[in-house]
Amino acid sequence: MEITSSPLPRPMIGTQTPPTAIEFPESLQCLFQPKRFKILWGGRGAGRSWGVARALLLKGLQQPLRVLCVREFQNSIGESVHKVLSDQIEALSLSEYYRIEKAKIYGPNGTEFSFEGIKNNTTRIKSYEGIDICWVEEAVKVSKSSWEILIPTIRRENSEIWMTFNPELETDYTYRRFVLQADDSCIVRKMTFEDNPWFPEVLRQEMLRDKERDYDSYLNVWLGHCKVALQGAVYGRELRRAMEENRICKVPYEQSVPVDVFFDLGRADNTAMWFAQRVGMERRLLKYHEANGTSIPIDDLTGGINYFIRYMQGTGYIIGTVFLPHDAKAKRLGSKRSIEEIFRQGGFRVQIVPRLSVTDGINAARIIFPTCWFDEEGCEDGINALRHYRYKVMESIDDNSPKQLSNDPVHDWASDGADAFRYFAVGSKMPRQSADGVLNRLARAADALRGKDVEFSRRGGNNNLGWMG
Ligand SMILES: Nc1ncnc2c1ncn2[C@@H]1O[C@H](COP(=O)(O)OP(=O)(O)OP(=O)(O)O)[C@@H](O)[C@H]1O
Ligand SMILES: [Mg+2]
């Protein structure tokens, strides 16, 4: 089957015509016009992945093209679009022009495809140069901080960023920025299976089944409507109230009040931190930051913790207390000091948040939620994590019974920020240990610099000065 209604640029390989007539859905014609951002979003089975892969392979034959294929998280090459591209090379009989290697694909005249996860690899992403096209798959998962790293990296003259995704919530950053607030730099195409002339029968059957059984899910998965609410959202109600009461807004930093930092420590996962101030009855969440535990290992005394210390210092806030989860007390294998000790020796006042069950932690978070004000810009990625933090949905016994929610939240990318928020809720209720004096802290920092082992006395102890709660 060949679409003849819309003539496409015919690729030339030297003097040869392409081995196969290559076809595209109408909505993908835009891939052949210049534009900085191309946003292809909508329901499943619309032909986006195949279309983008084919367009890139064709362009890579016509001219040397450096393509960077990214997604927010990529733990292995198997999670990337490497497979889609390889399959298309075969389907289009382009094997004699493309060399498929484990981590890269090479084309004629210097065309090259690379594959990366953004979140795990910010330093590597920044080091890419001369990229012509960046394909962001599952772009709806890309966080604001990842976009801030990616976009300036794709800086070659006339370079383009192509994104493909199925939408989730209307509040997701990618959706807001590139669909709701799309400007002249964007071509936006919503696509569903109805735009795909080759929509396969097996997917059609699946689609009809979903339509019959679960209409809301059909609207989201197949027609590309945003979900009204995430099923099992742990803080759905609290966040809705925060929105209604305009507590997600521009929150000013009160210079006379120290800012406390609440950590969730990630080794394999991310380390997440919330920065919060208490001003009157308000808990002001000013900033949220997370960094990957693999590229910035928290246990690595020089690279890891220093990174977080530098980040805290870089905010320009007066830092009050650093709140750490109980596992910060543990000494890691091969390490003389615990994370708690390292922070203390760095001159920080530290409190360990008591260990509570996840359920108790969530309850604590629900209790303090109405007093929380979130800076919409500084906390964008943290709020997003809270929005996506959800209970596991258990399989229903049959199609007619309602779905049950488990008491366990799903452990995924959203849980690091949500865990740190639980520590914030519990920590912010804790009686405050007394300030042990700037001089004392400076002396400890000086000792640390000399490499002395420091004995910590908890002078002052708990004196219930609790500024929070
Ligand atoms: N250009 C094409 N020629 C022939 N078949 C195609 C073409 N594009 C898509 N298809 C068929 O449609 C199916 C769905 O396409 P594709 O996987 O690209 O959709 P998608 O929009 O990326 O969907 P998803 O949201 O599930 O990732 C493919 O598996 C393939 O069978
Ligand atoms: Mg796809």
Being modelled with pLDDT under 95, of a type in the set (S, T, N, Q), touching a Leu at 6+ places or on another chain (Cβ under 9 Å) and not assigned by TED's automatic domain parsing to the domain that holds G378: is that true of T164 here? no
Qualifying positions in the stretch 101-123 - touching a residue at least 40 places away in the same chain (Cβ under 8 Å) and either of a type in the set (S, T, Y) or outside the structural domain of P152 (by TED's automatic domain parsing) (or both): T111, S114, T122, T123
Among strands (runs of 3 or more DSSP E) lying entirely in the stretch 357-428, which contain 2 or more residues that are under 22 Å from V322 (Cα atoms)? 372-375
Under 6 Å between Cβ atoms, at least 6 apart or on separate chains: pull out the pairs that start in the stretch 79-100 with a residue that is within 19 Å of C134 (Cβ to Cβ) and end on any residue that is aromatic (F, W, Y) and not in a helix (DSSP H, G or I). S80/F115; H82/F115
Hey, could you check the stretch 47-58 for residues that are hydrophobic (A, V, I, L, M, F, W, C) and within 10 Å of ligand 2 (Cβ to nearest atom) and say which is nearest to Y175 (Cα to Cα)? V52
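Just a yes or no: is a residue in the stretch 181-190 in a helix (DSSP H, G or I) and either small (G, A, S) or modelled with pLDDT under 95 (or both)?
Looking through the stretch 181-190, none of the residues is in a helix (DSSP H, G or I) and either small (G, A, S) or modelled with pLDDT under 95 (or both).
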Tell me whether the stretch 192-201 contains one or more residues that are within 16 Å of ligand 1 (Cβ to nearest atom), in contact (Cβ under 8 Å) with a residue 60 or more places away in the chain, touching a Leu at 6+ places or on another chain (Cβ under 8 Å) and not assigned by TED's automatic domain parsing to the domain that holds S406. yes
Set R44, R66: member being closer than 26 Å to E170 by Cα, modelled with pLDDT of 95 or more and of a type in the set (D, E, K, R): R44
Does the stretch 300-319 include one or more residues that are surrounded by 21 or more Cβ atoms within 10 Å (Cβ to Cβ) and part of a loop (DSSP other than H, G, I, E, B)? no
Among (1) basic (K, R); (2) more than 24 Å from H289 (Cα to Cα); (3) without any contact (Cβ under 8 Å) to a residue 24 or more places away in the chain, there is one condition R176 misses while meeting the rest; what is its number? (2)
Can you tell me which residue is nearest to K211 (Cα to Cα) among those in the stretch 34-55 that are among the basic types (K, R) and surrounded by 23 or more Cβ atoms within 10 Å (Cβ to Cβ)? R48
Looking only at the stretch 189-219, and only at residues there that are buried (at least 17 other Cβ atoms within 10 Å of the Cβ) and more than 16 Å from ligand 2 (Cβ to nearest atom), the one that is farthest from the chain's Cα centre (by Cα): D210
Yes or no: the stretch 132-152 includes at least one residue that is more than 17 Å from the chain's Cα centre (by Cα), surrounded by fewer than 19 Cβ atoms within 10 Å (Cβ to Cβ) and of a type outside the set (A, V, I, L, M, F, W, C). yes
Name, by its number, the condition in (1) within 16 Å of ligand 1 (Cβ to nearest atom); (2) over 24 Å from the mean Cα position of the chain (by Cα) that does not hold for V81. (2)
Output yes when any residue across the stretch 64-73 is within 16 Å of ligand 1 (Cβ to nearest atom), in a loop (DSSP other than H, G, I, E, B) and closer than 27 Å to V188 by Cβ, and no when none is. yes
Extreme residue, nearest to ligand 2 (Cβ to nearest atom), among residues of the stretch 71-85 that are charged (D, E, K, R) and in contact with a Lys or Arg (Cβ under 9 Å, 6 or more places away or on another chain): R71
Listed by first then second residue, the pairs whose first member lies in the stretch 40-59 and is touching a residue at least 60 places away in the same chain (Cβ under 8 Å) and outside any loop (DSSP other than H, G, I, E, B), whose partner is within 8 Å of ligand 1 (Cβ to nearest atom) and basic (K, R), with beta carbons under 6 Å and at least 6 positions apart or on separate chains, are L40/R48
Top-ranked residue of the stretch 236-251 - restricted to ones that are out of contact with any strand residue (DSSP E or B) (no Cβ under 8 Å at 6 or more places or on another chain) and part of a loop (DSSP other than H, G, I, E, B), ranked as nearest to I309 (Cα to Cα): N246
Condition (residue is touching a Gly at 6+ places or on another chain (Cβ under 6 Å) and away from ligand 1 (no atom under 12 Å from the Cβ)) applied to the stretch 110-119: is it met by at least one residue? yes
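What tally of residues in the stretch 244-275 results from selecting those that are more than 29 Å from N75 (Cβ to Cβ), out of contact with any Ser or Thr (no Cβ under 7 Å at 6 or more places or on another chain) and either of a type in the set (G, A, S) or surrounded by 13 or more Cβ atoms within 10 Å (Cβ to Cβ) (or both)?
Qualifying residue count, the stretch 244-275: 10.
The values are calculated or read from the model by the stated rules, or taken from the named source; none is laboratory data. This structure is a prediction, so every number in the text was calculated from the model and none was measured. Using ideal geometry, Cβ is built from the backbone for each residue, glycine included, and neighbour counts are taken over all protein chains shown.
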